[in-house]
Structures are given as C-alpha cells and as structure tokens.
C-alpha cells in the first residue's frame, strides 16, 4: 500500500474510520506523515550513527598512514607497487638529476634524512580525507536539519491590502492546522499584480511592513516571489494572492479624434465629465463577458440628456475605436481589484549551518572526485660501479589517472629514451 | 523558422545514425561506425543550435510580454535579464528535448572515451524516446511563471538532466557488464531477474498498487475544443484523478502479464540447466508484452469517441466527443517501450549471444565505465539537491519539503551512494555493484516520472508537468 504524503491528518481520518485495526496500525506508524514519523526519524538517527561508527572505524588507519607514510622505497615495499621503473646511470649527479625531474618537488625537500639515497614526496595527500569531509558535512546537515525542524516555524498568512495581523496558520503533526501568534504585526500596504495579455500572472508583489502596535510602521519592504522580507529570523515570502470582493476602481482611457488621450480612475457609477459636455458612467464590471474576458458597461449621457450604453473589453483595447466609432473612443485599461496577499512564513534556525554543511559537502566531493592523491618514491643505489635509480608511485583511487600521471613524469626524464628505458 | 525545425532535423539524424549503428551490429566495418558517430555529432550540434535558437525565441517573447505588461520599452541590463530568463528547459516539452540532449551528450562522451558497443545504440534509442515524449507535449513557448524566474533554474536543471542521463546510460553499461560477465553471472539468473525487473517496471507504469486494487488501467481522456486538444488534467488539477478512465480489459491483461513475468522469472532462475525453459519463458513473456503494446497502440490510434460515464462528469466536463490517443498516456507508452527494449536485449543475449557478448568490451572496462558514469551522476545529483535546497529556501522559505520529486532525487542519490560504497568501501565490484547500477535506472524512472505516472501526488515541482 502506498500513502499519498500530501494528504493531511483530517483527510486521512476521513478515509480510514476510527476503530479498525488497520487505522490503529497506520496511526501508530504515522503513515499520514511518514517523513516526520518516529520510525523515519529513528532511521535517520541510525544512519547518522552508522556514519559516525564507520568513519571512526576506518579513520585511524588512513590517519596513521598519512602522518607516518613509510617513505622508504625498500625492496619489500617495491613488491607491493605496480607503478615502478628502474634505470641505470653513470654518476650520482646524473641520478639526482633524474630524480629531480621525476619528483614534483625540489630534491632538498624530498630527501629523507635518516637514510641516504631515499626520496619521497606526496601530492594531494589530504584529499584522502575527502570521504570524511563528506561524512562530516552530511552529519552537519542532518543534525542542523533536525534542530531546524524542531525549532523552526513554517506557516502561512493572508493579509488584505491595508490590514495588519499578528497571527499565522501553521500545520502541526499530520497537517492539522492551528493558529500561532507571531508576537508582532505584519501589514500589507499595497498588492500589485501584473499579468500578461492572456491574464496569466507575470509578477506580483506586496508592500509589507512590520509593527509592534496598530499604528507604527517599521521595516517597510516590497516583497516579490524570490525576494522575501526578513525580520527577527522570520522570512516572509510572497507565495500567493487572492482577490477580495469589495468596491472596485476602474481605469479607463478616453481618446478623442484629435489624438488627445486622458486617463480616468473612477469608482463604479461615478460620472466622468468629458470636454464635449457628455457624461460617462461605468455601470458594471463583467468578470467574463461571453468568453471575451473582463468587460465594462459604460453608460453615456449626451448633452440633450439622452441615455445609451456600450461595452468595452479589456483584452481588446481597440474594440471601441473600431466598432463604435464617433467623436471619441474609450478603452478599458485596468480594474483595480482589492487583493489579499498570501505569505509563506519560514523561520529556519540554523539555516546557516545547513548551508555551511552544503559548502563542506561540495568541498568534500571535490576532494573525492577531482583530486588524486599520489605518493612519489625514488631511490639511488650504487651497484657494480653504476648507479641504480628506482622510481615508483602509489595511488589510492583513480588508478588509471595515477598511471597516466606516472607515465607523464617518466616521459620527461633525461638520460633515457622516449620509452623511459635507458639510453 | 522555428526551433522545432532544428529538433526535427536532429531527430532525423539520430534515426539515420541508429540505422547505421544497427547495421554495424551485423557488419562491423569501421567506416559504418565512424559515419554513425559523425551523424550523431552533427545532429547533436544541430540540436544545440536549436536550443540556443529557442532560448532567443523565448527571450524575444518574454521581452514583448514584459514590455506590454509594464507599458514601456526595456533597455540595457533589464532587457538582458528579461531576454535570458527563459532558458529552453522550463516546461515539459523543453525538459524532454533537454533530456535527449543530455543523453546524447553522455553517449557521445562514452563513445569518445571507451567506444562501447551497444551502449551507443541504447543511448540513441533513449534519446529518441525522449524526443518522442516531447513531441506529444505542447511545443508553444509560454511566458515563464514567476516562481521559475530565478538564476537557480540554470544550474539546477542542467545538473539534473545530465545526472539522469548519465545514470540511465550507466544502467545499460551495468546490464551489459552483467551479460558479459559469464564467469560470475549465470545466464538463467540474469534472465529471470530481468523478467522480474520488467514486471516491476510494468507495475509502476500501470499505476502501482492501484492496478490491483481497482483492477483497471487508467488513461486520461482528451477532447477537441476548437483547434486545441483539451486534456482533462488541465481543467481541474485536484479532481483530475477521478476523471481518469479505467480500461478494464487492458488492466486485466496487464495484471496477467505482471504475474506471468514474476512466475516465469522465478521458474527460469530455478530451472537453470534447462535451456528450453529460458527460451520459451522469454518468448512467451515477450509475446504477451508485445500483444499488450499492440492493443494499447490500436486503442490509441483508433481514437474512437469515448462515452463519459457518471452524472458529475457530464456536468463538469466540456462537451465531447472524448477519445484516447498517444497523448493520453505518453509516459506509460514510453515505459512500455523500455520494457520491450529490455526484453529484446535479453532475447538477443539468450538466442544470439555472438551479436551481443562478443562485441562487448571486457568486463573491467565496462565496470569502470559504469563506475565513472555513476560517479558523475552522483556528483551532479548532489549539485541538484543542494541547488534545489538553496532555491527552495529563497523562493518558498523551506529548504526541504519532502516533495515527491525531491524525495525521488534523494532516493537516486542514496542508490548511487550505495553503489559507490559497495565498490569502494566494501570491495563489492562486479555483479553486485552492477545490479545496484541497474536498479538505479528504475529509481530514476520512479523519481523522475513518478509524479507524471500518477504514483505520487503533484507536489511542488508541477510546473514541468503541464
């Protein structure tokens, strides 16, 4: 059985009447809200413990290998390495020159003090700890998310234009909604909606402010979809809007034949006096006039007191000019609807820790995937009047990359031919 | 000229190269291979050009729409912001085009790096499938919804597409590694498990447990309203589920097929020495699946008027005639095709091993290729999860909401983490990790398409679902 995790506790109980065994089981396992149930939290906790335990188990070996790397390229050590090559040169100086070219550091730094003739250096060795960085990052993210879930606020509020409120709607376990007090007021001065021609929303924004009583206005900010207002750790996000049924203001434009245009913002049934001594009245707003979208009925009172009416359409601005003709034309620009702005309220304490965890995670993954730890070994030995030079490398992962790097370093060696063998 | 012409041209190129590669299976001349790769690369360039073109198209549209809405002309930086804010991966059509682009990119990278036989064919088939899915969606460019106007969309979606593509290709490489690895993998086990996996896939595409609970296979209804096709799903999102039409015949057939796959899969594993058992079970399962595919296609092509039952539906739906077509259930058709593809590969594996196994490179090469592809996928999935969390924090105020698509992405990430740990830490390279790689494909399907297949409710990522 699968359970839709977007349903709420109430919907769940509607579907599964109380008293049945299955209902008890489902409630016990909190299947209506599995991601916040006790067993899911337990699983996450176990995962965290597992992560810690595995890291502790494996860390010492790598750590001690890192701080005490066994740098001497003895014959026995050589047996365990696959990337190795030996050369014969005439003099000690030639051998040192060879090793100098092979090693990615200076000879002085690489020379081992205790035994002569042994050289060692390591590149990107710290990246072997990348896995631990990743695991620590995951632990940071896990624990700070648990902290954030325990102490955070996630709610919703709806404010009408010109109103202020201090109550938000939150959802508790199982999506049961309840009201919570913010401790301060949040108000909305104005809400603006811009739509495309087809009336789909292009952008919407609210002028918000914060207040501690019914009169003051602190911290004013315009909030848009990706730009929240932040106050006392609470973030107020523009999430939705809805129209409030109340008195409407209409914006129309009257253009006469000489090209003169005049905009009017009027309420319903309030008259507009034109230069031609005629009077226009917006009589009615149609939200959808026969499938043609928003429309207005305009009443016209001519100088001799004759009353007629005509319609104009918001979607077709030129309708009146083309269809009715005459001395002047009217176009329907805007109907200012009173709106209520819908805000999402989020307070995520420790979000910085979570983001820090993300940063550490990316660093750890970079160390794991894009860095290649390599150890370079070299040895000089005098045998039968000649100098034996042995070069070797040890990698821990990306072994073919290590092999490529090793071969590349061998190619540039002096006193050898192109295959890396003795000249 | 539209961006769609670029896409059509590149689709034609992919089809031609697929034909060439198919020929290359029988006739292994280098010339054929090179010609095929050249055509794929050229088509890929054409598709890339098409995407750039579409970005510009959408940019001009956004500028016009914004100028009309604001009432003034845009200049300079504000023009640039509006012009570039609509990348060509912002609705379902574009996402599917973009998925195919990612798949081809990963396929080409595999080809240049390892020259894996059969992987190129699978990559191109998957890309063509994605292009086919795209073709069933609305291709018109619409202004972007406010929530998507963010720079995060660039990196978030780019990473997601390449991560999913790399995962899908890696799954095929893993399957081929299992097929090639005859020392450690028994033929009968692989075929049996393959049949069971197909059963799971069919279970997912038929709507999960709903298939057995309601004994019906659900399909959306479509109707013509003027020039456009109306989709029941578009009208009332909350109630959409109740307007799905059950198709009892196909439902029962689907149940039979799922059970048959499970039973025959188990039987093949049991009777490992019986060569006939394998061949006949596979043939039977394949023919059943092929039958249901034909039935569904016939049903879709016929487009016969469909009576809407129930009083409520009559009042709420616009006047018919209602019908069923490809557009009614594109995702299910795509998955049905993938199921068939898996069975075809299993049949080739069993009946013509010379064509498959001898052409494949060595097991270590396949496994290391799969390992690299999955590492890439894992890394990019991390980027997807992190950028998704950051974007969600700045747009919705919650960095993680257990939204179905988020949870799906996390499931894929965890699957690949298991794969990497199996190989690196537990030393379980070989069949075990390859099996996890194959499972990753199914997790990708459920995670990426779960919402579209109706396995989960919509959630917050519904912009891309139309």
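Bear in mind that the values in this text are calculations on the coordinates, not laboratory data. Everything numeric in this text was worked out from a predicted model, so none of it was measured. Cβ placement follows ideal geometry from the backbone for every residue including glycine, while neighbour counts extend to all protein chains displayed.
Summary of values
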| quantity | calculated |
| --- | --- |
| Angle between chain A longest axis and helix A:92-102 axis [Cα atoms, degrees, rounded to 10] | 20 |
| Approximate shape of region A:128-263 as ellipsoid semi-axes (Cα gyration tensor, √5λ), whole Å, largest first | 41, 22, 15 |
| Computed E for residue A:72/residue A:24 - FRET, C-beta separation, R0 51 angstrom, nearest 0.05 | 0.15 |
| Gyration tensor (Cα) of chain A, equivalent ellipsoid semi-axes in angstrom | 77, 34, 19 |
| Computed FRET value (nearest 0.05) for residue B:355 with residue A:251, which takes r as the C-beta separation and R₀ as 51 Å | 0.10 |
| Prolate/oblate/rounded call for region B:363-454, Cα gyration tensor, a/c under 1.5 rounded | prolate |
| Expected 222 nm ellipticity per residue - DSSP helices of 4 or more, -39500 (n - 2.57), all of the protein assembly as shown, to 500 | -17000 deg cm²/dmol |
| Cα pair distances of region B:65-177 binned at 10 Å [whole percent] | 13, 35, 27, 16, 7, 2, 0 |
| Radius of gyration and Dmax over the Cα atoms of chain B, both given in Å | 22.9, 78 |
| Long-range Cα-Cα pairs in region A:304-356 (distance over 15 Å), rounded percent | 70 |
| Gained length - residue B:365 relative to residue B:72, 0.36 nm times residue gap less alpha-carbon distance | 99.5 nm |
| Chain B, relative contact order [Cα under 8 Å, separation at least 6], % | 19 |
| Taking N as its residue count, the alpha carbon Rg of region B:16-115 over 2.2 N^0.38 Å | 1.53 |
| Pairs of Cα atoms farther than 55 Å apart, the protein assembly as shown, % | 26 |
| Bins of 10 Å from zero: percent of alpha-carbon pairs in region A:291-423 | 9, 17, 12, 8, 7, 8, 9, 9, 9, 7, 4, 2, 0 |
| Point-to-point label distance, residue A:262-residue A:163, nm (Cα→Cβ direction, 7 Å offset) | 3.7 |
| Relative contact order of region A:247-336, defined on C-alpha pairs under 8 angstrom at six or more residues apart (%) | 29 |
| Cα convex hull of region A:247-336 - mean projected area over all directions, nm² | 5.5 |
| Cβ-Cβ FRET estimate between residue B:401 and residue A:242, R0 fixed at 25 Å, reported to 0.05 | 0.70 |
